Each structure stands twice: as structure tokens, then as C-alpha cells.
Amino acid sequence: MNSCSLNHLFICTVLIFLLCLNPTTAARCHPDDEAGLLAFKSGITKDPSGILKTWKKGTDCCSWDGVSCPNGNRVVVLTINIESNDAEIFLSGTISPSLAKLQHLEGLVFINLKNITGPFPSFLFRLPHLKYVYLENTRLSGPLPANIGALNRLDTLTVKGNRFSGSIPSSISNLTRINYLNLGGNLLTGTIPLGIANLKVMSNLNLDGNRLSGTIPDIFKSMTKLRILTLSRNRFSGKLPPSIASLAPVLAFLELGQNNLSGSIPNYLSRFMKLDTLDLSKNRFSGAVPKSLAKLTKIANINLSHNLLTDPFPVLNVKNYILTLDLSYNKFHMETIPEWVTSATILTSLKLAKCGIKMNLDDWKTRQTDLYVSIDLSDNEISGSPVRFLKEEGYLREFQMSGNKLRFDLRKLSFSNTLETLDLSRNLVFGKVPARVARLKTLNLSQNHLCGKLPATKFPESVFAGNDCLCGSPLGHCKG
Ligand SMILES: *[C@@H]1O[C@H](CO)[C@@H](O)[C@H](O)[C@H]1NC(C)=O
Ligand SMILES: *[C@@H]1O[C@H](CO)[C@@H](O)[C@H](O)[C@H]1NC(C)=O
Ligand SMILES: *[C@@H]1O[C@H](CO)[C@@H](O)[C@H](O)[C@H]1NC(C)=O
Ligand SMILES: *[C@@H]1O[C@H](CO)[C@@H](O)[C@H](O)[C@H]1NC(C)=O
Ligand SMILES: *[C@@H]1O[C@H](CO)[C@@H](O)[C@H](O)[C@H]1NC(C)=O
């Protein structure tokens, strides 16, 4: 080893050390950025967990938590993302308009600050390099600005989980570079502006959980990159617009649940070869589900519950992909759980309530590979006993069997420690209530033929009501 380079190394190390100690060279960030950030901090009235504790005047603002200056002394990204849902970790206050001093800002990420009030921050319009804005779960309110389209350099704008109200400004059609637009979880009203059709590079559009109404406009023809379309939990009515067909084969998530949509489920869905999630639940879709859906082999989640769909339900080829299936509360008469369902390898949630199933539960052959976490077969005509089934299903958390014809001795029931919810109400269950039900989180045994003294549990009277001769707390004293 050459001693000269070792000497150099030593001198360099000493120099770096001295530079770090010297307070006059420590402030690296631009004074405008420091001033803007400190003004933001002074608009925060409560920070109980010390999220901004590293933000101290005279220290290099580029080293403060959440501040990033990748190319020198200017702040390019500001990120405050509270990942915890702990109610003690939040920021209260308002967003200071002085953040406009961060003239090189490209990304603003405020997620889950929980208690920031005020209107849509107008300083965003004064940041010429802004590319992405996340203002999620803060608590901003008022209208979205009419000139929101002036933020036309943005590729991402998400304001989900605030209290924005009023309609979606028509200038949104000027956000032509937008890739991800999320206005979900607000109080927006009115219809979807037709100009959204201009947003041709959009891959993810989410308007979930607002109060939007009218029909879904026929705007999808040019949106060839759209992979995720989420319009659930609004007040949309009418039929699906024909141009949704042109989202094939790219669209992977079609989520339209909890609206007031009607008409039949279109045949063209069978061209959505990448479809992962189809949620049309809680609408007024009617008619039979097209047989051609058998062409979709990669669907992981299907929710068609609470519609007016009729028989026959097609045989699907999703054996190795399907994770959750909910066909509850339609007009199906399935007689039994279809073989393509019972043979699925990774199904975790199976909901077939009121599907006209008349099988005997003892005929359901379980396998060691079953991964059921949640089962809802309420309001069918299922007979027999769940004793063997519950003994074998080691991952089950929820077992809903209300309103069937199960007839068995409850004393024989055993279940794994994972089970949290057990609803056997409105069946023909007899025998005594075993003490082990006490460890469940939710129980309903009402309207059966149970008898005898209840074990000690935390459950209210209603979950034991309507039986033959149950007694003891929370019901009346046992006689004799
Ligand atoms: C949330 O902010 C409001 C107004 O800024 C304030 O009155 C309230 O105390 C804050 N909530 C919490 C939990 O600090
Ligand atoms: C979109 O931008 C153009 C040019 O900047 C402007 O003339 C037009 O009014 C804007 N459109 C809307 C709907 O605001
Ligand atoms: C749902 O749509 C139907 C027409 O399809 C209409 O009669 C009904 O009032 C709508 N319901 C709600 C809650 O908007
Ligand atoms: C299906 O959707 C309904 C209502 O939209 C919801 O309550 C239910 O949990 C969903 N089912 C599954 C399996 O996620
Ligand atoms: C228990 O089941 C009965 C009958 O299905 C139902 O009416 C009642 O609301 C349920 N109670 C609870 C606490 O879930």
C-alpha cells in the first residue's frame, strides 16, 4: 500500500470532519426553501408525535425528515406520509401558502396527516415544475378550483379522503399528461365531465365514494391505457356506456359496485383478458351472466352480489386464480356449490348467500389445500352439520350460515383459534351452548332449538334469543 495515498486519505477525512463541524457551512439548502418549509411548520398547530421535530432553523433543510434535494440545494420532493393509523400521530393546522417558495418542487406528498383543514392549496399553481401531488386523508374541504386544469404538467393528482365538495371542474380535461387521477372519498356531486375523454394517457381513474350521479358518460374510446377504473360507491345510474368495450384488453380492475347501474352484464367483458377484479355489486344488473366469461382465466376477484342476475351462472375457468367470489343476493337457484368453485385452489373468501343452494353440508368434501378465510352461505337451504367442516378448516375467520336448515348438536362443535365470527342463527341447531364460544368476537345463535344453561360470555341477550329453553345470564335465571 502506497503511504502517499494513505496520507491523502487522512487529510481528506480530517477536512470532511471539519466541514461537518463548521456551523457556517452547514446550511446547505436554499434560503427560500428553508423559509417556505419553516412557514409551513408554523402553520401546524399540533404535532404530538414530533413528525417535524428535525425541522430547525439554521440547520440544512435538505436533511430534514421528508425533505429531499437530490440535485443540490433545492427541495425537489416534500413527503410527509404518516403510515400509522394511530390516532395520536397526526398534524393539525393549515398548509401555509409559503410553500410556493419551493420553486423547484416536483413532488408534494401529504398522506394521512388526518387533521389539516382549509381549501385546496392554491400555491400549487405557482410551482412551475410540479409533476405529482398526493393530498390524501388530510381533511381539506371546499370546491376543487375551477382552473384545476392549469396544473397541466401533473402526471399524478390524488386528493382522496378529503371533504372536497361541488362538481368536478370541466377544466380537468386540460390535465392531458395525467396518468393517475384519484378524487375518491370526497363529497363531490354532479356528473363526470365529458372532457375526461381527453385524458388519453390515464392508466388509473378513481372517483370511488363520492355523490356523483347521472349515467357514466361514453368517454372511454380514446383511453387506451386505462388499467384501473373505479367508480364504486356513487349514485351512477343507467347502463354501462358502450365505449367501455374499447378498454379491452388493457383494463384489469373494473370496480363499479354500490351504484344504481342497470341493464345486462355485457358480453364484451369476455375480451378483457387481463381482468383481475370485477366488482359490479349492489346495482340493478339483470339477466343472465354471459357464458363467454369462461374465456377470462385470470380473474382473482368477482363480486356480483346484490343485483337481479338470473340463472344459469356460467362455468368459469379460474381454478388457479380466483381469490374472492361473491354472488350473494341475486336470483340464482344453484342447488349446489359449483364444482369450479369447490375445486379452486386459492379461494379465500366465498360468499354465496341466497343462491338457492340445497346441499347437505356433509357432502362438501374439503381438502388439505383449502384456504377459506371467510364463508357466507346464509339464506340457503343447506342441511346437515358443519362439525366436520369447521374442524378441518384451519384458517377460517368468518363462518356465516344464518337462515339454513342445519341440524346438529352444538356440543359437538369445535373450531380453530382463528375463528372470530360464527353466525348460525335461524337454523335447527339443538343441544347446549359450549363454553368455547366465549372466545369468538361475534356470535349469533338466535332462533334455533338450543336448551340449557349458558356459559359465561360477553355476548348480549339478542344473540341467544328465540331458542327453546336457554337460561342463565344474559337471559333469565335457570329454574330449579
Ligand atoms: C383538529 O383540528 C381542529 C381545527 O384545526 C382542532 O380544533 C382539533 O382539536 C384538532 N383535532 C385534534 C385531534 O387535535
Ligand atoms: C384548457 O387550456 C386552454 C389553453 O391553456 C384554455 O384556453 C382552455 O380554456 C382550457 N380549458 C378549460 C376547460 O379550462
Ligand atoms: C335507480 O334507478 C332506477 C331506474 O333504473 C330509478 O327508478 C330509481 O329511482 C333509482 N334509485 C336511486 C336510489 O337513485
Ligand atoms: C361484495 O360487495 C359487497 C357490497 O358492495 C360487500 O359488502 C362485500 O363484502 C363484497 N364481497 C367480497 C367477497 O368482497
Ligand atoms: C342475529 O340473527 C338474527 C336472525 O338472523 C338477526 O335478526 C339479528 O339481527 C342478529 N343479531 C346480531 C347481534 O347480529
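Coordinate-derived values only; no laboratory data. Note that the structure is a prediction, hence the values are computed from the model and not measured. Heads up, the Cβs are rebuilt from the backbone with ideal geometry, glycines too, and the neighbour counts pull from every protein chain shown.
Quick look at the values:
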| item | result |
| --- | --- |
| Peptide ranges 359-367, 58-66 listed from the most packed, as the mean C-beta count within 10 angstrom indicates | 58-66, 359-367 |
| Entries in Lys200/Lys319; Lys160/Lys225; Lys298/Lys358; Lys365/Lys391; Lys295/Lys358; Lys160/Lys441 that, when Cα-Cα distance is taken, lie over 24 Å | Lys200/Lys319; Lys298/Lys358; Lys295/Lys358; Lys160/Lys441 |
| Phi-based couplings in Hz for the range 28-42 (Karplus 6.51, -1.76, 1.60; Gly and Pro marked x) | 9, 7, 5, x, 4, 5, 4, 4, x, 5, 5, 5, 4, 4, 6 |
| Peptide ranges 247-256, 465-474 listed from the most packed, as the mean C-beta count within 10 angstrom indicates | 247-256, 465-474 |
| Share antiparallel - DSSP beta bridges, the range 209-309, percent rounded to 5 | 0 percent |
| Shape call, the range 226-330: gyration tensor on alpha carbons, a/c limit 1.5 | rounded |
| Rounded tilt (10° steps) of 3-21 against the dominant C-alpha axis of the chain | 80 degrees |
| Antiparallel bridge percentage (DSSP; both residues within the chain; nearest 5) | 5 percent |
| Cα gyration tensor category, rounded, prolate or oblate, for the chain with a/c compared to 1.5 | prolate |
| Length added when fully stretched, Ser165-Glu461, from 0.36 nm per residue minus Cα-Cα | 102.3 nm |
| Proximal lysines relative to Lys239, as straight alpha-carbon distance under 19 Å, when same-chain residues fewer than 8 apart are discounted | Lys221, Lys282 |
